[in-house]
Amino acid sequence: MRRDIITGIYFALGDVACAEGAIAAGCRFFAGYPITPATEVAEHMARRLPEVGGVYLQMEDEIASMAAVIGASYSGVKSMTSTSGPGFSLMQENIGLAVMTETPCVIVNVMRGGPSTGQPTKTGQQDVMQAKWGSHGDYEIIAFAPSSVQEMFDLTIQAFNVSEEFRCPSFIMADEIVGHLRERLNIPKPEDIHLAERKKPKQLPQSYAPFKPDQDLIPPMACFGEGYRFYATGLTHDETGHPQTDSAEEQTKLVQRLCDKIRRNRDRIVRVERIMLDDAKVCVIAYGSVARSALAAVNRARKQGLKAGLLRLITLWPFAEKEIEEVADEVDGIIVAEMNCGQIVREVERRADHRKITFLSRLGEDPHTPEEILAHIRRVSG
Amino acid sequence: MTLEAHPLEEFTRKGMIPHIWCNGCGDGIILSEFLRALSELKYDMNKIVIVSGIGCIGRISGYINADAFHTTHGRPIAFAVGVKATRPDLKVVVISGDGDLFSIGGNHFIHAARRNIDMTVICSNNFNYGMTGGQSGPTSPLEAYTTTTPYGNIEHPFNLVHLAAGSGAVYVARWTTIHVRLLRESMKKALKKRGFTFIEVLSPCPEQYGRRNRMPKPMDSMVWFREKSVIRHRINPLEAEITPNEIVVGEFVDTEKPEFTDLLQQQVRSIQMKLEKEGKSTNVPL
Amino acid sequence: MSPPRIPLSPAQKLKIAEVEIVVINDRCKGCGFCIELCPKHVLDYETRLNIRGAHPPHVKTEECVGCGICEEICPEMAIFMKIKEREK
């Protein structure tokens, strides 16, 4: 009887579903620090990890948590942390270290009202740009925005898969509503869950260069205690891992490859859900808990004879540029609804005529109501 | 001209020696003594992980022929905790500087010591931040001149031995780079001991600290160490101070207490056995 | 002053180690530790400069007893001992 994949139907909390998804994905290390509204992820991991032979560590702060996650990942274990806005800010420097050392790991940010301490118990979507740009330096990451408890489970597994495949940190950008929602959760049978593992080196230690990429731009990853005796550093380095702090050529090679390994594969990574867009004249773009209201609004609009559709972003980064461009050409109006002062909408504006775009901001404990979005759909439809 | 290989050559990463450290820097001595300690213990170099932070001494992980990682500033201990907790079969050694371990990294140090995680932490204490040009740090002596204390340091430095002992380390020692053999013996002891072990090594920094504090030549620092050091094993850590008149060195703490990964594994095992007995996949309600 | 120790048994056959000091000249940065801290003052600075602009050490007397301090105190792995034991 498997302890890691507890197949069945549950009525579960979003944060708990995320933790179960991680365990189902093979995560056996969690290091974190309590923070509302992500604490339940940590608490559930604390209870479940020992059952599956994993390690739960409550570190002294979020900075230590992220450092420990990188250490555990380099020891060969799938690793994760969870936090919210303030902790996410603290983790940024080490997220950069994870990018630079190509460490597979998952960071869950159950977003709340910011900035700073903000409204700890209320939802928000204010950190979505930070997921991409939060650490210093130029880099690419992969971020998901779950809209339901089921997605908290499913997308966490996806996050582990992409981070293992692309050797980069990946993010679950949930929000407090999805994190604290209780909904039906279906944990499938093990054979229906597909897992990805990091590439291991085929060469012997003497001919292994830890950061020498294969054709896919991703280097195979040796871990501690496997006899490879490799060296990894956050300094700009060459393929052998040795610091190259003077060479412009090495800097260019490395930083460009770290970006390209994800950019080149964006078609495989980017996921959106297109709902009733084939003949739509108005497109609503939303993600996370706002997408739920948006879906309701679009359904009601259709009932009223308005040709509305929803483009739900499942991955936030890399950004769904192509998908937005496609839609932008087909529709007369785009409504972007987010719980912030305008973040993803800026990406949309880069790809679509800004005269077509209406931005709906919502701050505070509730997302936009379906009525609110519907009113704008009506207005844009003319 | 000699084609002979230095006895420690096999323990160093090919192509990385000679290192980048300044003339007379104590980090080179710390590296050599550490490698000698490993050599004398006939340590399996595939079973050790070296973690270092940012600073001159931080480059040490690049010179040692073992699995090694160079973290962000202040974080080697937190990283090492992640390694040790998932691979308790590997020995984890953190070698870093006074600023990295006790200024920005202070929080991680005290918590790892508190938990008594099996690792050895070696601090190269050169009384300033050498890599960035000689700024003051938490171990800079009172009245010392550094680039950020141009009128003399008005802050009290840490007594690292006391700090480590107070945080719960089970082995605490202080030596200087002139005490090569005693340092090596301490390193061997620390590596063999189970639990959080800490060695402070006072180290010359002629180019930055030395130059500004009337010790411009490498030998000046070594003379200071030789003349002012006094060995006082097992005295109260509170009294193991570095003052203008004396540098108290020796072994101050050598004790036993349950180690973190042992407790962790025990707990995990008992939980799994319970599930086994009850024939369940989980005892945790969703 | 009386000697601190009085032998309980007759003097053993002395084994004096034959030691060769090997200097990797171009690694030396001229810190002087080996020269100044050698207990038998066996080493001295060479007059020539090495590739780093330092005066590396060289053995100037036959007094070396193979204590190994030069090898241990060198920060650069630039000097080491080769020991061949020989009975006297």
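Before moving on, here are some points about what is shown:
- Meets criteria (under 21 Å from B:Ile235 (Cα atoms) and either surrounded by fewer than 24 Cβ atoms within 10 Å (Cβ to Cβ) or modelled with pLDDT of 95 or more (or both)) for B:Val170: yes
- The residue that is surrounded by the fewest Cβ atoms within 10 Å (Cβ to Cβ), counting only those in the stretch B:14-40 that are at pLDDT 95 or above and over 10 Å from C:Pro75 (Cα atoms), is B:Glu40.
- Residue within the stretch B:225-236 that is farther than 30 Å from A:Arg48 by Cα, surrounded by fewer than 19 Cβ atoms within 10 Å (Cβ to Cβ) and within 14 Å of chain C (Cβ to nearest Cβ) present: yes
- Taking the listed residues B:Ile57, B:Ile104, B:Ile110, the one that is over 17 Å from A:Ala67 (Cβ atoms) and of a type in the set (Val, Ile, Thr) is B:Ile57, with no other qualifying.
- Which numbered condition A:Ala337 fails, given (1) closer than 22 Å to A:Met129 by Cα; (2) surrounded by fewer than 24 Cβ atoms within 10 Å (Cβ to Cβ): (2)
- Verdict on A:Gly26 being surrounded by fewer than 24 Cβ atoms within 10 Å (Cβ to Cβ), under 21 Å from the mean Cα position of the chain (by Cα) and either of a type outside the set (A, V, I, L, M, F, W, C) or under 19 Å from A:Cys105 (Cα atoms) (or both): yes
- Verdict on A:Glu176 being buried (at least 23 other Cβ atoms within 10 Å of the Cβ) and either within 14 Å of another protein chain (Cβ to nearest Cβ) or in contact with a Lys or Arg (Cβ under 6 Å, 6 or more places away or on another chain) (or both): yes
- Residues satisfying the stated conditions in the stretch C:47-75, i.e. among the acidic types (Asp, Glu), within 24 Å of B:Gly210 (Cβ to Cβ) and either over 8 Å from the mean Cα position of the chain (by Cα) or in a strand (DSSP E or B) (or both): C:Glu72
- Restricted to the stretch C:47-59, and to residues there that are within 12 Å of chain B (Cβ to nearest Cβ) and either over 20 Å from B:Glu4 (Cβ atoms) or in contact with a Cys (Cβ under 8 Å, 6 or more places away or on another chain) (or both), the residue that is surrounded by the fewest Cβ atoms within 10 Å (Cβ to Cβ) is C:Gly53.
- Here A:Phe144, A:Phe224 are screened, and the one residue that is touching an Asp or Glu at 6+ places or on another chain (Cβ under 6 Å) and either touching a residue at least 12 places away in the same chain (Cβ under 8 Å) or not polar (S, T, N, Q) (or both) is A:Phe224.
- In the set A:Val298, A:Val327, A:Val290, only one residue is over 24 Å from A:Phe153 (Cβ atoms), in contact with a strand residue (DSSP E or B) (Cβ under 6 Å, 6 or more places away or on another chain), among the aliphatic types (A, V, I, L, M) and crowded, with 24+ Cβ neighbours inside 10 Å; that residue is A:Val298.
- Those strands (runs of 3 or more DSSP E) lying entirely in the stretch A:12-130 with at least 3 residues more than 8 Å from chain B (Cβ to nearest Cβ): A:79-83, A:105-113, A:119-123
- Search result, residues across the stretch C:60-70 that are touching a residue at least 24 places away in the same chain (Cβ under 8 Å) and within 11 Å of chain B (Cβ to nearest Cβ): C:Cys67, C:Ile69, C:Cys70
- Of the strands (runs of 3 or more DSSP E) lying entirely inside the stretch A:270-324, those carrying at least 2 residues that are charged (D, E, K, R) are A:272-275.
- Here C:Asp44 clears all of (1) at pLDDT 95 or above; (2) within 13 Å of chain B (Cβ to nearest Cβ) except the condition numbered (2).
For (1) more than 8 Å from every other protein chain (Cβ to nearest Cβ); (2) touching a His at 6+ places or on another chain (Cβ under 6 Å); (3) closer than 28 Å to B:Met222 by Cα, each residue gets a yes or a no:
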residue	(1), (2), (3)
B:Pro7	no, no, yes
B:Ile17	no, no, yes
B:Gly26	no, no, yes
B:Ser32	no, no, yes
B:Leu41	yes, no, yes
B:Ile57	yes, no, yes
B:Ile60	yes, no, yes
B:Asp67	no, no, no
B:Val81	no, no, no
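- Residue match in the stretch A:339-354 (condition: at positive phi, assigned to a loop (DSSP other than H, G, I, E, B) and assigned by TED's automatic domain parsing to the domain that holds A:Lys307): yes
- Residue match in the stretch A:233-247 (condition: more than 14 Å from every other protein chain (Cβ to nearest Cβ) and over 27 Å from B:Val51 (Cβ atoms)): no
The values are calculated or read from the model by the stated rules, or taken from the named source; none is laboratory data. Please read all numbers here as calculations on a predicted model, not as lab measurements. A quick note on method: Cβ atoms are made from the backbone with ideal geometry, for glycine too, and the neighbour counts reach across all protein chains shown.
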